[in-house]
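Data block below; observations after.
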Amino acid sequence: MKDIAVLEELAGPTRTLAKGATIRAVGEPVSTLDLLVKGWAASTIVLQDGTRQLVSVNLPGDVLGLPALSLAEPIDDVVALGPVTVRSIPLSGVTRLFEEHPRLAATLFLIAQEERMLAMERIALMGQALAKTRLAGLFVRLNERMGQFDDGWDNAFELPLTQRDMADLIGVTTVHLNNVVQDMRRDGIIQLTRSELRILDLDRLLALAALSPWRQSTPGWLPA
């Protein structure tokens, strides 16, 4: 609760943005971090020929902009996948975190490392696994992240990703993605509508994803 109070103190006023709005843009100097209070966002990279690649998804509670702190300016746009609520923390507040609240600063460091590990896992799946395994892995990790603080989690959640978004994330065409989704539906593994993903058989989805459960830790080295 103390950490939450610190973030509340450092964060600016609440901003509500519409679907498709740019939360953080390529070329803009990094001056803040953003707390994603409500809604989903996505990091996208636009290549020189105009091709857009969605590279990661941000969920409520995520801190936007951590990777960009290592660069003079971000290389990705962060856009709202639906209506979102965000609160910005100025970089002076980040300095205060490291100087006055080292445990919370270390937690942000761990969050950045978790994002890195998830990206590494997704790259490995894209390079070595079949499309159905890649999609199963995506669904497994989203489900774990959405339900990590809910003891009564029922493996169902709003999914504001289009088929194009999901195809981007697993590196296939939208046609191939649609075929894989239909196979999972017929096999009774998932129920997917335009607004919700419901996992009907989590054990089979886990087996298909060929991934170990995501287990977060609380390292003993964290500052007191």
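Any residue in region 29-36 that is surrounded by 12 or more Cβ atoms within 10 Å (Cβ to Cβ), outside any loop (DSSP other than H, G, I, E, B), in contact (Cβ under 8 Å) with a residue 60 or more places away in the chain and among the hydroxyl-bearing types (Ser, Thr, Tyr)? No, region 29-36 contains no residue that is surrounded by 12 or more Cβ atoms within 10 Å (Cβ to Cβ), outside any loop (DSSP other than H, G, I, E, B), in contact (Cβ under 8 Å) with a residue 60 or more places away in the chain and among the hydroxyl-bearing types (Ser, Thr, Tyr). Answer yes or no: is there a residue in region 108-117 that is farther than 30 Å from residue 6 by Cα and in contact (Cβ under 8 Å) with a residue 12 or more places away in the chain. No, there is no match, as no residue in region 108-117 is farther than 30 Å from residue 6 by Cα and in contact (Cβ under 8 Å) with a residue 12 or more places away in the chain.
Within region 199-208, can one find any residue that is in a loop (DSSP other than H, G, I, E, B) and closer than 14 Å to residue 156 by Cβ? Within region 199-208, one or more residues are in a loop (DSSP other than H, G, I, E, B) and closer than 14 Å to residue 156 by Cβ.
Under the condition of being over 22 Å from the mean Cα position of the chain (by Cα) and over 16 Å from residue 147 (Cβ atoms), the residues counted in region 188-200 number 2. Restricting attention to region 37-49, the residues that are at pLDDT 90 or above and either assigned to a strand (DSSP E or B) or β-branched (Val, Ile, Thr) (or both) add up to 7.
Restricting the search to region 193-215, which residues are more than 21 Å from residue 119 (Cα to Cα) and either at pLDDT below 95 or open to solvent by 30 Å² or more (accessible area, probe 1.4 Å) (or both)? 193, 194, 195, 196, 198, 200, 201, 202, 203, 204, listed by residue number.
Listed here are the strands (runs of 3 or more DSSP E) enclosed by region 50-150 that have at least 1 residues being open to solvent by 60 Å² or more (accessible area, probe 1.4 Å): 52-58. Contact map, region 160-171: first residue without any contact (Cβ under 8 Å) to a residue 12 or more places away in the chain, second residue of a type in the set (A, V, I, L, M), Cβ cut-off under 8 Å, separation 6 or more or different chains; pairs are 167/177.
The values are calculated or read from the model by the stated rules, or taken from the named source; none is laboratory data. Since this is a predicted model, take the numbers as computed values, not measurements. All Cβ positions, even for glycine, are placed from backbone atoms using ideal geometry, and neighbour counts span all protein chains on display. Accessible surface areas use protein heavy atoms only, side chains included; no ligands, DNA or RNA. Shrake-Rupley method; radii C 1.70, N 1.55, O 1.52, S 1.80 Å.
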